[in-house]
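Let me begin by presenting the structure, written as structure tokens, before commenting on it.
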Amino acid sequence: MLLDRSLRLKSLPEYPFARIDRLKKEAKVDIIDLGIGDPDLPTPEYIISALKNAIDNPITHQYPPYSGYSSLRCEIASWYKKRFDVDLNPDKEILPLLGSKEGIAHILFSIINPCDYVLTPDPGYPVYKSATILSGGIPRIVPLLSKNGFLPDLDNIDPNGCKAFFLNYPNNPTGATCSLDFLKDLVHFARKNNIIILFDLAYSEVYFDEKPPSLLQIDGGMDVGIEFHSFSKTYNMAGWRLGFCVGNRDIIKSLLDLKTNLDSGIFGAIQYAGISALKNEGFVDEMRKVYKRRLDILTDGLSSCGFKVDMPKATFYLWASIKGPSLDFSEKLLKDTGVVATPGIGFGKYGEGFIRFSVASPDERIKEAVSRIKKWHSFQQ
Ligand code: PLP
């Protein structure tokens, strides 16, 4: 049979990291992978033991409720109150997800119609663009430029025909954060233009200075959007697939109604593990210290060999400005040194001229990467 893939699938842009993936596989040298955003440290023991206890409870072996266990939603509400001083109704304003990516990828299927425009940041997490295309929408690129602190210039966005707007602060890939004042302007923009805000807070807990804010802290924020959270980065639980979204009850209900037709909820024992994760602040403080230490090593190391890099305020990524095409740069870096960094072009055309390093690797590997780049860079100049 000759498979003719759906037009929907065929309309997706080419996978931007294919060349780097192939080189990684073919490489004969020892690879130090600073390309991926997958935490290297294990899930903390207290979460694993919560899962082990829950797995013995036969109730977790049955289909879970579509909207998640009420005990998980209540724990999320308490966490939100503590973290953001925001009150949430656990029955109507919270929805657990199979990882935040799942919600981000599905939400548009429940709120847009074919040919609606969706504002997608560039550079940005590639799923915003692909989810827009798969759901029949049209991405309208919103450039994130260094001169604006990698924030969108709201006065220069054409809102005509737009139904939704993805934003992500703390930001992957740039490491930028946003202020409450920016979020106030954003709520004003959303209200004026009747645009739904889809605020991705996957890195809300990976910060080194000020706590990143929530859209729901702003008056009117709850009217205009929802926000997505992830257990992957906060608790080293990327493989567990657990996240949640909170906010406007009509939007949450639309996503729930859609998901009722797509999946059958999150394994109950993982939901219990999520409850225990949210109760413990101490672990997250330690996690922040580890990433801060690693980013210091990388920032100092790269600066000393001439890279233009600033220590990010949040996330575990370093967004480094480079000369020439980013794909060529990453390819040469990998071939010559074995260090993998993600080419900025993979995050959109405004990512060109940058590469992204991640510090989801042990300190010693980051030090080794710096030492190889130092030798390589002085040889290049
Ligand atoms: N949002 C951003 C900006 C990300 O970088 C990622 C993963 O890398 C996600 C969302 C998805 O995270 P998860 O589905 O593991 O919760």
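The values are calculated or read from the model by the stated rules, or taken from the named source; none is laboratory data. Computed from a predicted model, the values in this text were never measured in an experiment. Note that each Cβ is placed from the backbone with ideal geometry, even for glycine, and that neighbours are counted across all protein chains shown. Accessible surface areas use protein heavy atoms only, side chains included; no ligands, DNA or RNA. Shrake-Rupley method; radii C 1.70, N 1.55, O 1.52, S 1.80 Å.
In table form, for the structure just shown:
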| item | result |
| --- | --- |
| Average accessible surface area per residue within segment 23-162, 1.4 Å rolling probe, Å² | 48 |
| DSSP bridge orientation in the chain - percent antiparallel, rounded to nearest 5 | 45 |
| Mean Cβ neighbour count within 10 Å, used as a protection proxy, ranking 209-222, 145-158, 125-138 highest first | 125-138, 209-222, 145-158 |
| Residue (of Gly239, Gly306, Tyr291) at the positive-pole extreme of segment 232-381, dipole from beta-carbon charges | Gly306 |
| Span-rule helices in the chain, defined as complete DSSP H runs reaching 24 Å or more along the axis (Cα) with Kyte mean at least -0.5 | 282-304 |
| Solvent-accessible area per residue, Å², over segment 194-238 with all protein chains present [probe radius 1.4 Å] | 27 |
| Unit charges at the beta carbon, dipole of segment 2-59: most positive-side option, Ala54, Ile20, Leu3 | Leu3 |
| Global size of segment 1-106 as Cα Rg and Dmax, reported in angstrom | 20.8, 57 |
| P(r) tail fraction, segment 247-381 - alpha-carbon pairs more than 19 Å apart, % | 62 |
| Dipole moment magnitude, nearest 20 debye, segment 34-119 about Cα centre, only Lys, Arg, Asp, Glu C-beta charged | 120 |
| Shape category assigned to segment 144-259 from the gyration tensor of Cα positions, a/c cut at 1.5 | oblate |
| Positive minus negative residues near Leu318 (Lys, Arg vs Asp, Glu; Cβ under 10 Å) | +1 |
| Cβ-based charge dipole, the chain, positive-most Cα from Pro96, Leu327, Pro64 | Leu327 |
| Size of electric dipole in the chain: Cβ of Lys, Arg +1 and of Asp, Glu -1, about Cα centre, debye, nearest 20 | 740 |
| Greater than 20 Å apart at Cα, pairs in Lys129/Lys292; Lys24/Lys349; Lys211/Lys313; Lys25/Lys292; Lys184/Lys253 | Lys129/Lys292; Lys24/Lys349; Lys25/Lys292; Lys184/Lys253 |
| Total formal charge among the other residues, if their Cβ is under 14 angstrom from that of Phe182, Lys/Arg +1 and Asp/Glu -1 | -3 |
| Residue-count net charge about Ser100 - beta-carbon cut-off 13 Å; Lys, Arg +1, Asp, Glu -1 | -1 |
| Point-charge dipole on Cβ atoms (K/R +1, D/E -1) for segment 189-262, about Cα centre, debye to 20 | 240 |
| Surface accessible to a 1.4 Å probe, per residue, for the residues of segment 295-381, Å² | 42 |
| Principal axis dimensions, largest first and in whole angstrom, of the chain by Cα | 60, 57, 51 |
| Share of carbon and sulfur in the accessible heavy-atom surface of the chain [1.4 Å probe, %] | 53 |
